[in-house]
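Down below is the structure, laid out as structure tokens.
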Amino acid sequence: MPVTTCRHRWLLVGLLGCCAAGCSSTGKKTASYADEESGLKSLFRSKVAQASFEEEAETIPAKPKDEAMLHLTFAEWMEDAGDATRAAQHYREVVKAKPKNVAAILGLARMDILAGRMVEAEEGLHRAQRLSADSADVAATFGQFYAARQDYEKSIESYTKAVQAEPGNSDYRHQLALAMVRGGRIEAAIPHFASTVGDAAGHYNIALILKEQGDLVGAERHLKIALNKQPKMQEARHWLAEVRRAQGLPSEPARPDAREERGSGGGGGGGGEERGAKVMTASAQLIAPGKRPAEPIPTESPRQFPLSNRHAEQLQNQK
């Protein structure tokens with residue numbers, strides 16, 4: 001017997017039990033438990049109740065009407081949870097059932113990119129492009145593909161198409177800004193950061209990318225800008241000290257307002273550095289849209305290329 005059928009039956013049993021108990025309590029309050037039990041049993045034995053159960057069972061399908069939709073939902077859950085292997089398995093099930101489903105094809109392509117299967121990823125992307133040439137999701141996934149290959153010019157071009165198709169999508173715009181910084185177009189990236197994560201967080205993200213690229217002087221400059229715009233940004237303060245230390249420079253002293261808030265009465269930047277080291281982990285993480293810049297960045301591994309907005313109705317439209 002299907003689990004869903006059993007659950008629905010027990011739900012009906014519980015509801016009927018509550019009704020029976022309610023009727024006995026509002027009627028003869030002196031009725032014994034045995035009388036109530038006897039009445040309840042006779043109720044369940046009645047033909048009316050049996051017919052009700054059978055009718056309910058017939059309305060509950062043994063399997064979901066659209067198993068592909070279920071697989072797509074699980075795939076997206078697994079992808080969000082960082083389980084690329086299981087996500088890919090579920091995306092494959094959707095593609096097997098509905099070969100023209102663009103959402104599943106793109107999902108599988110993203111998993112191939114993460115796994116380094118670039119040939120398979122490119123094949124999937126071109127297949128999705130043939131099915132939905134004007135799709136913003138297709139363009140954004142191409143942007144992710146080219147960024148993974150460090151072809152930032154093509155990545156910028158693809159993300160630009162995605163942003164033009166969906167100007168209000170903050171994920172696409174943020175990824176465009178990241179590709180611009182990695183491709184050396186820092187000034188062009190600043191307005192996109194400002195509209196997605198804010199000025200301070202934007203300069204902070206620029207600094208982290210420059211730090212990864214070995215440009216410590218540029219990273220220091222943008223960290224200072226971030227702190228000027230948001231003095232209480234602990235992440236920027238910590239990495240400014242780290243970047244200066246890597247250059248053989250003394251850490252800058254903590255700002256007076258920050259020192260007072262921390263209750264530090266002494267001079268120098270030692271206390272500020274120690275507090276920053278406790279807040280941040282050894283590896284820096286970018287601030288993504290929807291994340292408060294002033295809060296400590298989570299320690300779990302971030303998704304380098306956040307998922308774009310996926311619409312479940314695509315599954316219904318693709319046959």
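Do you know which residues across segment 78-123 are in contact with an Asp or Glu (Cβ under 6 Å, 6 or more places away or on another chain) and closer than 23 Å to Asp66 by Cα?
The first filter runs over segment 78-123 and keeps only residues in contact with an Asp or Glu (Cβ under 6 Å, 6 or more places away or on another chain), leaving 87, 106, 112, 120-121.
Listed by number, the residues that qualify are Ala87, Leu106.
Taking the conditions exactly as written (buried (at least 18 other Cβ atoms within 10 Å of the Cβ), out of contact with any strand residue (DSSP E or B) (no Cβ under 9 Å at 6 or more places or on another chain) and of a type in the set (Asp, Glu)), does Glu166 satisfy them or not?
Numbers: buried (at least 18 other Cβ atoms within 10 Å of the Cβ): yes; out of contact with any strand residue (DSSP E or B) (no Cβ under 9 Å at 6 or more places or on another chain): yes; of a type in the set (Asp, Glu): yes.
Here the answer is yes, as Glu166 does meet what is asked.
Just checking, does segment 170-182 include any residue being surrounded by fewer than 23 Cβ atoms within 10 Å (Cβ to Cβ) and more than 19 Å from the chain's Cα centre (by Cα)?
Scanning segment 170-182, I find at least one residue that is surrounded by fewer than 23 Cβ atoms within 10 Å (Cβ to Cβ) and more than 19 Å from the chain's Cα centre (by Cα), so the answer is yes.
Only one of (1) within 23 Å of the chain's Cα centre (by Cα); (2) part of a helix (DSSP H, G or I) fails for Pro167. Which number is that?
(2)
With segment 70-150 as the region, which helices (runs of 4 or more DSSP H) entirely inside it contain at least 3 residues that are aromatic (Phe, Trp, Tyr)?
Values: elements: 84-97, 102-114, 118-131, 136-148.
Counting at least 3 such residues, we get 136-148.
Coordinate-derived values only; no laboratory data. Only a predicted model underlies this, so the values are computations on that prediction, with no experimental measurement involved. Cβ: placed from backbone, ideal geometry, glycine included. Neighbour counts: every protein chain shown.
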